[in-house]
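Below is one structure, written out as C-alpha cells, with a few remarks after it.
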Amino acid sequence: MKDRFFKHQAQTSPYPLALEISHAKGSYIYDTCNKAYLDFVAGVSACTLGHSHPKVVNAIKQQADKYLHVMVYGEYVQKPAVDLCKFIADHLPEPLTSTYLVNSGTEAIEGAIKLARRVTGRSQIIAAHNAYHGNTLGSLSLMDFEERKAPFRPLLPDISHITFNYQPHFKHITTKTAAVIVETIQGGAGFIEPINDYLAKLKAKCQDVGALLILDEIQPGIGRTGQLFGFQNYNVVPDIVVTGKGLAGGLPIGAFTASKTHMDAFQEGPKLSHITTFGGNPLIAASALATLQEVTNSDLMSQALEKEQLFRQHLQHPLITEIRGRGLMLAAITTDAKVTDQVVLQAQNQGLILFWLLFEPKAIRITPPLTISNEEIIKGCGIIIDLLNKITDSN
Ligand SMILES: Cc1ncc(COP(=O)(O)O)c(C=O)c1O
C-alpha cells in the first residue's frame, strides 16, 4: 500500500509521515497492524468530536438513506443545508444571518474576498504578516511568504500586509481598502492571540473607512477556544466570518457568513456571483449540524478551557518555553526546532500523534478532539515529557 501511496498519490512533502490507517474511533487512530495512536491533532483541528462520533455517523447514514447530491448550490430547498445555515445564524450575533456553504476553507476565503470586493466596489485586501488562509490562488495571494508565492505569480493584485496585534499599522487601512482579513487567533504563525482589544479596534478602524472586517475562524471556530466562534472571546463582531475544518466534524466543508444585505449582492451584478456544485451537500450539512448540536448541547466548550489548564499543568519542562493559544488550540513552543522535530517524529513511535505548525518551527501542535478525556490528556502529555527527558539526557 505504501509503494502505491508514493507512486500514485501526488505528494507535496518529501517525507510524509505515511502512517497506514486502518480505522479511527474516539481519540484514537489505528494503523494496519492495529497499533493505537492517541490523537493530539484531530486531523489538524477538523475532527471536533473525535473519530467516528456516533451522532455524526448516524446523521450521515440517515441522510445517505434519503438522498445525496441532487442539484447545484442554492437552487433546491434541501433541509440539511437550510437547518445548518439557520443554526449558524441563531448562534452568531446580528447582523450575521446569511451563510454561503462551500467545500473547503480556502474556497470560503475566496468567496469572502469576492463578497468584500463586490459589496465595497474596492479592490484592496489587507492581510496580516505570517497569516495562513489557504492555498488556492486567491488565498495564497494573502500570504506574505514570497518563497511560497513566487513560483505561482502573477497572483491577485492589490494585496498588502499589516502586522497582527500592531495598531500603528491601522494607518494603512484607508478608503481604498475593501477588506481587512485576519485569523481570530493566528494559527500557522504559532497560535498567537489578539491582545489589547486588537480585533475590536481593527473593526472600528474598518468601520471608519468603510472597509469590511473578515475574520478567519477556520481553525479557532466550533468550540475549540471555549466559545462556538473564537471571536466571541474578544468583544468584536466581524462583517464576514469564515469557517471550515471542524464545522462538519471531519468531512470537507467551508462557509462564509455575512449580513443578508451584503450577501444579497451575489444575486446581481453579476447574477450567480459565486457558484459551486457541491457546496451545501446534504451529507456534509447533516454531519455539520450534528457536530454543532453536540458541541452546543454538551459542556464540551467549557471543558475545553479546563482541559487547556490540564495541558498547561502537565506540559511543564525546561525544553518547553511557552504554551501558546487558548482552549484546545494550543502550541507547545520548545527551545529549538530540532527538539520539536524529534518530539513530533518520535511521538508517533510511542503511539501519540503530534504535528507541526506551518510557520513556527519550534511549535508542537496540540489540537486534540474536544471530546478527549482528562486521562488521555495526562497520558499524552506523559509521552511528550518522557521524550523531552530523553532528549535532555542525550545532550
Ligand atoms: C486559518 C486557516 N484558514 C484557511 C485554511 C484553509 O482551509 P482548507 O485547508 O480547508 O482549504 C486553513 C487550513 O489549515 C486555516 O488553518
Exactly one condition in (1) touching a residue at least 40 places away in the same chain (Cβ under 8 Å); (2) over 17 Å from the mean Cα position of the chain (by Cα); (3) assigned to a loop (DSSP other than H, G, I, E, B) is not met by Ile125; state its number. (3)
Of Thr367, Thr371, the only residue that is open to solvent by 30 Å² or more (accessible area, probe 1.4 Å), in contact (Cβ under 8 Å) with a residue 60 or more places away in the chain and out of contact with any Pro (no Cβ under 7 Å at 6 or more places or on another chain) is Thr371
For segment 214-231, pairs from a residue that is in a loop (DSSP other than H, G, I, E, B) and open to solvent by 10 Å² or more (accessible area, probe 1.4 Å) to a residue that is among the basic types (Lys, Arg) and within 13 Å of the ligand (Cβ to nearest atom), with Cβ under 8 Å and 6 or more apart or across chains, are Ile218/Lys245; Gln219/Lys245
Residue by residue through segment 151-178, note down the ones that are open to solvent by less than 40 Å² (accessible area, probe 1.4 Å), touching a Ser or Thr at 6+ places or on another chain (Cβ under 7 Å) and in contact (Cβ under 8 Å) with a residue 40 or more places away in the chain. Ala178
If you go through segment 340-358 one residue at a time, do you hit one that is of a type in the set (Ser, Thr, Tyr), under 19 Å from Glu322 (Cβ atoms) and touching a residue at least 40 places away in the same chain (Cβ under 8 Å)? no
Quick one: in segment 114-128, of everything that is open to solvent by less than 10 Å² (accessible area, probe 1.4 Å) and away from the ligand (no atom under 12 Å from the Cβ), which residue is nearest to Lys86 (Cα to Cα)? Leu115
Selection from segment 133-150 of residues that are open to solvent by less than 50 Å² (accessible area, probe 1.4 Å) and within 14 Å of the ligand (Cβ to nearest atom): His133, Gly134, Gly138, Ser139, Leu140, Ser141, Leu142, Met143
Out of segment 233-281, which residues are within 21 Å of Val56 (Cβ to Cβ), aliphatic (A, V, I, L, M) and either open to solvent by 20 Å² or more (accessible area, probe 1.4 Å) or not in a loop (DSSP other than H, G, I, E, B) (or both)? Leu247, Ala248, Leu251, Ala255
Phe266 being in contact with a strand residue (DSSP E or B) (Cβ under 8 Å, 6 or more places away or on another chain) and closer than 19 Å to Ser45 by Cα: no
Could you say whether any residue in segment 288-303 is out of contact with any strand residue (DSSP E or B) (no Cβ under 9 Å at 6 or more places or on another chain), under 18 Å from Pro368 (Cβ atoms), more than 16 Å from the ligand (Cβ to nearest atom) and charged (D, E, K, R)? yes
Scanning for something among the aliphatic types (A, V, I, L, M), modelled with pLDDT of 95 or more and open to solvent by less than 10 Å² (accessible area, probe 1.4 Å), does segment 320-329 turn up at least one residue? yes
Note on Lys205: of the conditions (1) within 11 Å of the ligand (Cβ to nearest atom); (2) open to solvent by 10 Å² or more (accessible area, probe 1.4 Å), unmet is (1)
Does Ala112 count as at pLDDT 95 or above, in contact with a strand residue (DSSP E or B) (Cβ under 7 Å, 6 or more places away or on another chain) and assigned to a helix (DSSP H, G or I)? yes
Can you say whether Asp90 is modelled with pLDDT of 95 or more and either under 22 Å from Leu228 (Cα atoms) or more than 16 Å from the ligand (Cβ to nearest atom) (or both), as far as the supplied structure shows? yes
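The values are calculated or read from the model by the stated rules, or taken from the named source; none is laboratory data. Quantities reported herein were computed from a predicted structural model and do not represent experimental measurements. Neighbour counts run over all protein chains shown; Cβ positions are idealised from the backbone, glycine included. These accessible areas exclude ligands, DNA and RNA; they are computed on the full protein's heavy atoms, side chains included. Shrake-Rupley method; radii C 1.70, N 1.55, O 1.52, S 1.80 Å.
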